[in-house]
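Before any comments, here is the structure.
Values in this text are rule-based calculations from the coordinates and carry no lab data. No experiment lies behind these values; they were computed from the predicted model shown. Methodologically, a virtual Cβ is constructed for each residue, glycine included, from the backbone with ideal geometry; neighbour enumeration extends over all protein chains shown.
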Amino acid sequence: MSSILDDLDTRPGSASSLLRTLVGASIRDLGGWMSSAAFVSLLGQVGVSPAQTRNALTRAKAKGLLRTEIRASPGYALTEEGRALLARGDRRIFHPRLMSEHDPWCLISFSVPESNRDLRHQLRRRLTWIGCGVVADALWICPAFLTDEAIAIAGELGLGEHVTLFNARVIHFRQGPVADIARWWDLPSIAALHEKFLASHAAAIQEFSADPQPATAYRSWITALDAWRPIPYLDPGLPAELLPASWPGNRSIPLFLQFRDSVVGPAAAYVESAAGSPGPG
């Protein structure tokens, strides 16, 4: 199975990340295919040069997200692996979940032999990517609604026999809930992601509200969505009672969801106009 481009593989604002965002937001509505010329034109609207677009398309093809396919003109089609990846991302990105203080936790215990230390590193890296915290070196924690994702990661890495998961409703916090949560998760880094999103995109969102034209909708949506994509992965949606009172996610999540609801329609209309009629999917 080819390597799949994931949401955290690329730096937001880069050509590859903006391409990934455009694909995730638009290509399925266009029959799963877009011409090379449309990619160049649409990414040009968000500051990506034609050469950068072509390089990003080559990387997306190598990662297994897209494949070349000629229809009325040269273009790229979404692979089945890519389609499954986008479906998983939809649940994360467009519908972020929040845990209540009464919801269960998932505990992830693993013992991976030293001979498989590279896989152990990948396991830790990918658990971080879905928002898990670190209780101890080989004991991680996350909201129970992420259990299936943790199981899938262990299975994809071939580590099922080395990983054990437990669901728990009661955690006996050693230093108290707030202190332990702050120790298990890098809350300052997660908060910084929310703060950066608010600082960089609140004004653009207001700009769209004042000028709801399709071209403005498209530019503000793709750039805001590109910056937003990593946040609901790294932020597990912890209970409000366990987070600082000034937690920036309390502002950024409603802002993003409200913007999503208002901008998706006109942005999609702009993409369809720029890309031409969708090909058979």
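Here are a few things to note about the model shown:
- Net charge of neighbours whose Cβ lies under 13 Å from the Cβ of F208, counting Lys and Arg as +1 and Asp and Glu as -1: -1
- Amide H to amide H distances under 5 Å link E69 with G75, Y76, A77, where only residues 5 or more positions off or on other chains count and H is placed in the peptide plane.
- Cα lying deepest toward the dipole's positive end in the chain, options T68, L234, S200, charges on Cβ: T68
- Projected area, mean over directions - the chain, Cα convex hull, nm²: 15.5
- Angle between the chain longest axis and helix 80-93 axis [Cα atoms, degrees, rounded to 10]: 60
- Residue-averaged 222 nm ellipticity for the chain, from DSSP H runs of 4+ at -39500 (n - 2.57), nearest 500: -17000 deg cm²/dmol
- Between helix 50-63 and the chain: long-axis angle, C-alpha atoms, 0 to 90°, nearest 10: 50
- Divided by 2.2 N^0.38 Å, where N counts the residues, the Cα radius of gyration of region 15-91 comes to 0.99.
- Region 186-275 shape via C-alpha gyration tensor axes, a/c threshold 1.5: prolate
- No Cys partner within the rule (Cβ under 4.7 Å), the chain: C106
- Of the trypsin sites (Lys or Arg not before Pro) in region 117-225, those whose Cβ has at most 12 other Cβ within 10 Å and which sit in DSSP loop: R169, R174
- Using Cβ point charges alone (K and R +1, D and E -1), the dipole size of the chain about the Cα centre works out to roughly 520 debye.
- Placing +1 on the Cβ of every Lys and Arg and -1 on the Cβ of every Asp and Glu, with nothing else charged, gives region 186-275 a dipole about its Cα centre of roughly 60 debye.
- Shape of region 105-168, Cα gyration tensor, a/c cut at 1.5: prolate
- Tensor-based shape of region 1-149 (alpha-carbon gyration tensor, a/c under 1.5 rounded, otherwise prolate or oblate): prolate
- With a cut-off of 11 Å between beta carbons, the residues surrounding G249 carry a summed charge of -1, where Lys and Arg count +1 and Asp and Glu -1.
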